[in-house]
Structure formats: C-alpha cells, structure tokens
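> I have a structure I would like to understand better, so I am pasting it below and will then ask my questions one at a time.
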Amino acid sequence: MLERDGEWTAIIFLTSKTGDEHLARGIEVGGDDYLLKPVTQMVLSAKVRAMQRLVEMQRTMATQSQKLGVANKELQHLSMTDGLTGIANRRFFDEMSVREWRRCGRMQRPMSIIMIDVDHFKLFNDTYGHQAGDECLKRVAVQTALAATRAGDLAARYGGEEFAVILGETNSEGARWVANLIRQRVNDLRMSHHPSSYRFVTVSCGVVAVVPNASVTLEKFLESADHALYLAKEQGRNRTVYVDFETGRAS
C-alpha cells in the first residue's frame with residue numbers, strides 16, 4: 001500500500017501477463033494484488049472491497065500506533081516528574097547527575113550541585129497544615145526551576161522539603177550566584193512563617209563544584225553537597241554555604 005500525507009492507497013495490477021515473474025515483479029514494485037484479464041465486474045468489485053478493508057485496517061493500526069506513542073511519551077514524562085511540584089523527581093535527578101558527571105568529565109569542565117532545604121518546614125506544616133505545606137513546596141519548586149534554565153541545568157525535588165540543582169559547566173562562583181538567586185526568589189515570595197525567626201519561609205543552600213576526574217567519585221561529591229547544606233542550616237539557616245571539595249573548607 002502507498003502512504004501519502006497520512007492517507008493509504010491500495011494498488012491492484014490488472015494485466016494480461018500470466019508469468020510468475022510478472023506477478024513477482026508487480027508485487028515487488030508495490031502492488032497489493034494482481035488480477036488477470038479478462039476479469040468480471042463481480043471479481044473486480046470484490047477485490048476493491050477487500051482492499052478497502054485492508055486500507056481501513058492500516059489506518060486504524062497507524063492511529064493506534066500514534067496514540068500508543070503519545071501514551072508512552074506521557075508515561076516517560078510521568079516517571080521523571082515529581083507528582084506534587086511538577087519538576088524532576090529524585091529518580092531523574094540520579095540519572096541526570098550521572099550523565100552530567102560523565103559529560104563534564106569528558107570535557108574537563110566544572111560541574112556544580114546545589115542542595116536546598118526549606119527551613120523549619122515541619123514547623124510550617126504543624127502550624128499551617130499539610131495543604132499549605134504542599135503549596136509552599138510547589139512555590140519553592142517554581143522559583144528553583146526558574147533559576148536553572150540552561151540545557152545542562154536540572155532542578156529536582158530531592159525528597160520531602162529538599163530540592164537539588166545540577167549545574168553543568170558551572171564553577172563555584174556561578175553556582176553560588178544561582179543558589180543566592182534561589183534564596184532571594186523564595187524570600188521575595190513573602191510566605192508567612194511566624195514561628196520561624198525570619199517570619200517568612202526561607203531556604204538554606206549547600207554548594208559544591210569540581211571538575212570530575214578519576215580521583216573523584218560522584219557519591220563523594222553528593223555527600224559534600226549534603227555536608228554544605230548541613231553547615232548552612234547549622235549556621236543559622238537562610239544562607240548559602242560553599243564547601244571546597246578539595247580542601248573541605250566552608251565559606
């Protein structure tokens with residue numbers, strides 16, 4: 001059958017040639033059926049109806065295949081997306097961190113990670129309720145994603161009230177700038193959080209950056225980012241702490 005612009009057309013050869021080689025050649029060049037002259041109107045009509053059924057079946061199969069493709073893409077998207085916030089989930093973060101780690105390693109370019117935690121979130125939930133807590137996380141996720149818009153960047157919900165950002169080809173200065181931008185964006189939301197010493201919802205950020213090489217593992221790199229976040233919270237929250245991966249010094 002011939003497909004053109006999404007439409008299927010059946011091809012029936014009508015010929016007086018009876019040799020097997022002629023039949024084979026007709027099918028080879030795209031024919032769907034082969035009729036020998038003379039042919040009655042009844043036989044011709046029956047063949048046309050049969051081809052019409054085949055065309056309809058082909059169209060149905062093509063439509064179902066297209067729908068299946070769309071459904072598979074949607075399932076793939078859902079498997080990579082956090083159901084609450086709409087940004088990438090932990091699973092996709094884990095996959096992308098490995099890819100970006102390898103890519104930056106091949107190019108010998110720096111890679112940065114920002115770990116982000118909503119300050120006193122349990123207290124926020126206890127005070128305002130889980131529905132307000134969910135809304136808080138959604139709004140923080142939006143601001144986090146808005147700060148990570150390049151092709152090599154990824155904003156993800158890391159778990160609970162914690163978020164993470166992958167910044168490919170980004171050094172420590174650039175990563176700290178993005179982290180502080182996220183903190184400022186969340187501060188500007190002015191979401192009331194009266195039990196907090198800051199009176200509004202704030203976030204703490206831990207930052208690390210390194211050029212991936214054979215002496216460094218991704219696992220240790222992520223552990224260093226977690227440690228930087230821990231220091232940010234220990235030092236009073238609502239701040240960014242950078243940890244030098246090589247020396248372990250915090251700033």
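The values are calculated or read from the model by the stated rules, or taken from the named source; none is laboratory data. Treat the numbers as computed from the prediction; the structure is a model and nothing was measured. Because the Cβ atoms are built from the backbone with ideal geometry, glycine has one as well, and the counts that use them run over all protein chains shown. In case anyone asks, the SASA skips ligands and DNA or RNA and just uses the protein heavy atoms, side chains included. Shrake-Rupley method; radii C 1.70, N 1.55, O 1.52, S 1.80 Å.
> Among the lysines, select those whose C-alpha is under 20 Å from the C-alpha of Lys122, and discard any that sit fewer than 8 residues away in the same chain.
Lys138, Lys233
> While we're here: Ignoring any ligand, DNA or RNA, what whole percent of the accessible area of the range 88-240 comes from carbon and sulfur when the probe is 1.4 angstrom?
Answer for the range 88-240: carbon and sulfur cover 49 percent of the accessible area.
> To check you understand DSSP bridge types, tell me what percent of the beta bridges within the range 127-251 (both residues inside) are antiparallel, rounded to 5.
Around 75 percent of the beta bridges assigned by DSSP in the range 127-251 are antiparallel ones.
> Also, I was wondering about something else. So what is the accessible area of the range 110-151 per residue, in Å², with the probe set to 1.4 Å?
46
> Separate question: If you add up the charges near Ser224, with Lys and Arg at +1 and Asp and Glu at -1, over every other residue whose beta carbon is less than 11 angstrom from its beta carbon, what do you get?
Every neighbour counted, the sum reads -4.
> Now, a different point. Return the FRET efficiency for the residue pair Glu21, Thr149: r is the Cβ-Cβ distance, R0 is 51 Å, and the value is rounded to the nearest 0.05.
Rounded to the nearest 0.05, the efficiency is 0.20.
> Please list, or write none, the lysines whose alpha carbon is within less than 28 Å of the alpha carbon of Lys47, excluding same-chain residues fewer than 8 places away.
Lys17, Lys37
> Whole-Hz ³J(HN,Hα) for each residue in the range 148-156, computed from phi via Karplus 6.51 cos²θ - 1.76 cosθ + 1.60 with θ = phi - 60°, x for glycine and proline: what do you get?
The phi angles translate into 10, 10, 6, 4, x, 9, 8, 9, 9 Hz.
> Here's something else I'd like to know. 7 Å from Cα along Cα→Cβ at both Ser192 and Val211: what's the point-to-point distance in nm?
Placing both labels 7 Å beyond Cα along the Cβ direction yields 5.2 nm.
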